[in-house]
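J.: Before I ask anything, let me first share the structure, which is written out below as structure tokens.
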Amino acid sequence: MEKYPVNGKYPINDFKTGESWRLFKIMGEFVEGIDSLHNIGPAVSIFGSARTDCDHPYYKKAENLAAVFGKNGYSVITGGGGGVMEAANKGAAKENADSIGLNITLPFEQKPNPYATTQIEFKYFFVRKVMFLKYAQAYIILPGGFGTLDELFETITLIQTQRIRRFPIVLVGTEYWEGLIQWVKNKLLKEKMISKKDLNLFHLLDDPDEIVKVVVDFNQEPII
């Protein structure tokens, strides 16, 4: 069985008795993020696997989709790493749109990609998540693993519980996501763990123009 390395250094362990001053590091990350992003204008946050190869169809789809958003005046925010994130930053940069990477310091796999014109480094996941949410007019979710699912379900939960304003969440890749959606319907909905209206909190789409239209149309609606 494959084992994960143990390095003994985890951000959560920073919080020890008598070390409350470390909260200033967290405040510093918030300040840097807000200061860097407060003027970006309309933006979408695009998520997906860091492990997707550059010749994979999902990579090409992310690059193309980000380019279409760029053409329509949207900045693109990603996690700043490789794979789908790199592809999205690349597509945005090709259209001279703001291409933003919110990189996270990890002991493996995550390195900043060269296509983000604005790079911000984070140590704490929860600060980084706030930046994704605060500046996005939509979440675009391409195929990914646990990290992508984390962003997806936390955001659905925040909208469902009315902790944040509603905005479009678009799952891109019918073949990839269909099994998950069927599980949600056949288990969560059937066993009354969620209500039927909760299924309206996300879209499942493939066509880039249709995805952009959903986002543009939603953000033209008056806020009630």
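J.: Determine, yes or no, whether residue 82 is surrounded by fewer than 17 Cβ atoms within 10 Å (Cβ to Cβ) and part of a loop (DSSP other than H, G, I, E, B).
T.: Considered against the rule, which asks whether it is surrounded by fewer than 17 Cβ atoms within 10 Å (Cβ to Cβ) and part of a loop (DSSP other than H, G, I, E, B), residue 82 comes out as no.
J.: Might you let me know whether the range 91-101 holds any residue that is surrounded by fewer than 19 Cβ atoms within 10 Å (Cβ to Cβ), touching a helix residue (DSSP H, G or I) at 6+ places or on another chain (Cβ under 6 Å) and not aromatic (Phe, Trp, Tyr)?
T.: So far as the range 91-101 goes, yes, one or more of its residues are surrounded by fewer than 19 Cβ atoms within 10 Å (Cβ to Cβ), touching a helix residue (DSSP H, G or I) at 6+ places or on another chain (Cβ under 6 Å) and not aromatic (Phe, Trp, Tyr).
J.: It is to be established whether one or more residues within the range 113-126 are without any contact (Cβ under 8 Å) to a residue 24 or more places away in the chain, more than 23 Å from residue 54 (Cβ to Cβ) and of a type in the set (Ser, Thr, Tyr).
T.: No, that holds for no residue.
J.: Quick one: count up the residues across the range 166-197 that are farther than 17 Å from residue 88 by Cβ and either at pLDDT below 95 or hydrophobic (A, V, I, L, M, F, W, C) (or both).
T.: 10
J.: Still on this model: Mind counting the residues in the range 28-61 that are part of a loop (DSSP other than H, G, I, E, B), in contact with a strand residue (DSSP E or B) (Cβ under 6 Å, 6 or more places away or on another chain) and buried (at least 20 other Cβ atoms within 10 Å of the Cβ)?
T.: Total meeting the criteria: 0.
J.: Name the residues in the range 133-185 that are farther than 16 Å from residue 46 by Cβ, in contact (Cβ under 8 Å) with a residue 12 or more places away in the chain and part of a loop (DSSP other than H, G, I, E, B), would you?
T.: 164, 165, 166, listed by residue number.
J.: Determine which single condition residue 194 fails, assuming it passes every other condition in (1) aliphatic (A, V, I, L, M); (2) touching a strand residue (DSSP E or B) at 6+ places or on another chain (Cβ under 9 Å); (3) surrounded by 15 or more Cβ atoms within 10 Å (Cβ to Cβ).
T.: Evaluating residue 194 over (1) aliphatic (A, V, I, L, M); (2) touching a strand residue (DSSP E or B) at 6+ places or on another chain (Cβ under 9 Å); (3) surrounded by 15 or more Cβ atoms within 10 Å (Cβ to Cβ) leaves (2) as the failure.
J.: A further question on this structure: Sort through 205, 149, 158 and tell me the only one that's more than 17 Å from residue 102 (Cα to Cα) and exposed (fewer than 15 other Cβ atoms within 10 Å of the Cβ).
T.: 149
The values are calculated or read from the model by the stated rules, or taken from the named source; none is laboratory data. Values in this document were obtained by computation on a predicted structure and should not be read as measured data. Cβ coordinates were reconstructed from backbone atoms using ideal geometry, including for glycine residues, and neighbour counts include every protein chain displayed.
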